[in-house]
Amino acid sequence: MLKTMRKNLKSLSPILWIVIATFIIAIFAVWGGAGRLGESRQANSIIQVGSHELTAQEFAQILYQRISAMRNQYPDLKADLIRQLNLPQQILQQLVQQYLLLDIARELGLKATAEEIQQRIISYPVFQREGKFVGFKEYQQILDWNHIPIQKFEQSLAEEILLEKVTRLLTAGCTVSENEVWENYKNQNETAKIEYLVATIDKIQLDSSPSETEIQSYFEKNKERYRVPERRQGKYVFLKIDDLKKEITISDAEIEKYYKDNINQFKEPAKIKVSRIYLPYTEADKQQVLSQGEQLKTRLNAGEDFGSLARTYSKDEKASNGGDWGYYDWQNLSPAELEAINQLEAGQISGVIDLGQGVAILKVTEKMPEITRSLAEVKAMILNHLQEEKARDKASQRMENLAKVARKARKLEEAARREGLSVEDTGWLKNGDPLPVVDSSGALSQALFELKEGEISSPIFTYEGVAVVQFTQKDPEHQASLEEVKAQVQEDLIKEKKIELARTRLNSIRLSPQANWEEVAKDNNLEYKRVETYKHGQYLSLIDEPSEVERLVFSLPLNQASEPINVGNGYAVVRVLERKEVSREEFEQVKGEEMAKALSEAQEMFLYSYLQKAIQERKIKVNYDLFSKTADEVLNRFSE
């Protein structure tokens, strides 16, 4: 699941991220249904960009809503996986970019007019019925149903319009040449049928281990490759949150107050599950299809199973599932269908709805009203949250005091003794090394490398607790002796010998042009792969660096084996069996579309680079301690 989710996250362009952060997060997350996470806490700023400030409360609500939305798609999503995806950091970066663009828009004097906001409102499908605006009264009702203040909603639309304007202005100078687009078109559309053999070092055995003389000689020849990075050592005091939680007593009154103050947090929205039968038509067969729809409606009224009829007659992507559109997918149906669904009760079936290009029959299979989880149901979760919050506050205060006392005494051990706390030795750490039990993320070692010798850090917040560290001594980076890296030298030498054997083995095989490679692979303990449709940049199994393979695939004569290619973990040879090339005439037919797509990509990359530079130039600072603390509070709710 992690691989799939990372792929989905990376597929979003920088501009698309900004649009998501603006409209969906900033309005529907903060004002609509996300609850008031941590509302009782004093509002503190995580970031400030120009006139825009992001408080801990706002960020908690945004993060909570984003994760909740993702859990609809990935029900097993838990806090540890969210951390691996760096989701809190990604959302924070998106918000910084959004605020920065809005600030630039105002500096440039850009505005969103009342007419533009009005046009944007009436263009949203949710505010339309039969292609017309539903009217101000119903527009306001829709917002009220979603707990969205009209002023905030229209302010968000204004910001959305500003973002579009400033994006167009900043990217107006981006251009792409026809030749660039042609080369890109070729890369995307040229294909080849290939086969390749790979000799990997894990399947090659040496006759004997390297001798001491060989190891010494290999080290001398490659001495500059072996260096020991700088290591640092320090003393630290650590307060573990789980230990402090045991000291925290939370009264029933506190739990009840939190429950009442944050009641929206415990509301589960209404759920509607919908099934559909869809029959498309053309002008030629419209009447026939409408008649078929009426016949199906009659059969449904007589008690026939909706799912069975949907599997037999429906023509949309859900037909094989008995027409089941689930709890969420149906919300993307047409306005006419949405209106019909909202009028149905559980178990009811709509009439035959003419959609202009087809007809639909809908059934509401489940309808669950909005519910609020009872205090008894969420008491344990609230207790854990309040204990966590108070424990982190307590740890933070104690470590702030410790750091102040330690700086005056210039010695962490003395200050810790006064405070009744124990001091531990970090041992030798490289920058970014984790510290078991204390800091799995490596934050403490990173802080250690930012200190001057003898200096004492501010409190360091980790997932496990809060620490203060003093930098005591350094082992500088230096040229390694053979004794320090002998095991690594021996491993590298063995790998080099195996790689050379792999190259030699494949070189002898390629000289037999008529050989059946699949049989050769079985006889020689090699890996054989065949790819029916290979494209530029395509991932190839067992090949770490595909660029050289790609070059050969589109330049080798057909059925001629390549020279052995180093693929990181061995060698490979490739043979092209067929190749499909594209012509300039084909390109001319789609040139306009390809030019537009390439320009859009160029604009996205320019905007992303522009914003990264602007963030550095404006020296936008993040309160990382508050950010980490807020993110942890939200993620703890997804630990179950």
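The table that follows gives values for the structure above.
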read-out	value
Charge sum, other residues only, whose C-beta stays under 13 Å from residue 358's C-beta, Lys/Arg counted +1 and Asp/Glu -1	-2
Computed over the chain: relative contact order in percent, which uses C-alpha pairs under 8 Å that are six or more apart	24
Student exercise, segment 270-369 dipole from Lys, Arg, Asp, Glu Cβ charges, in Debye to nearest 20	200
Label selected from (i) 193; (ii) 155; (iii) 252, the criterion being volume of the Cα convex hull per residue in Å³ as computed here	(iii)
Dipole of segment 31-181, positive direction: furthest Cα of 145, 90, 157, with charges on the beta-carbon	145
Peptides ranked, highest mean first, by Cβ atoms within 10 Å: ranges 464-470, 248-254	464-470, 248-254
Which of 356, 307, 319, positive extreme of dipole for segment 270-369 (C-beta unit charges)	307
Segment 345-379: trypsin sites (Lys or Arg not before Pro) in DSSP loop, at most 16 other beta carbons within 10 Å	373
Cβ-Cβ FRET estimate between residue 230 and residue 179, R0 fixed at 51 Å, reported to 0.05	0.60
Spatially near lysine pairs across segment 434-529, Cα under 24 Å, sequence gap of 8 or more or different chains	10
Long-range HN-HN contacts of residue 318 with modeled amide H, under 5 Å	none
Hz values of 3J(HN,Hα) by residue in segment 190-206 - Karplus curve (6.51, -1.76, 1.60), Gly and Pro given as x	5, 9, 8, 9, 10, 9, 8, 10, 10, 9, 9, 5, 5, 9, 10, 10, 7
Cβ-based charge dipole, segment 558-622, positive-most Cα from 605, 564, 615	615
Mean residue ellipticity (222 nm) of the chain, computed from DSSP H runs ≥ 4 via -39,500 (n - 2.57), nearest 500	-15500 deg cm²/dmol
Pairs beyond 31 Å (Cα-Cα), from 408/430; 78/186; 246/619; 221/535; 111/629	78/186; 246/619; 221/535; 111/629
Extension gain, residue 478 back to residue 612 (0.36 nm per residue minus Cα-Cα distance, nm)	44.8 nm
Packing-based order for 530-537, 100-107, 65-72, using average beta carbon neighbours within 10 Å, highest first	100-107, 65-72, 530-537
Cα centroid separation - segment 72-129 against segment 576-640, whole Å	15
The chain: DSSP helices with Cα axial extent of at least 15 Å and average Kyte-Doolittle hydropathy no lower than 0.0	87-107, 150-170
Alpha carbon centroid spacing (whole Å) that separates segment 293-345 from segment 405-460	63
Nearest-20 debye value, the chain charge dipole, Cβ charges on Lys, Arg, Asp, Glu	1060
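Each reported figure results from applying straightforward, stated rules to the coordinates on display, with no laboratory input. Just so we're clear, the structure is a prediction, and the values are computed from it rather than from any experiment. Every residue, glycine among them, receives a Cβ derived from its backbone with ideal geometry; neighbour counts consider all protein chains shown.
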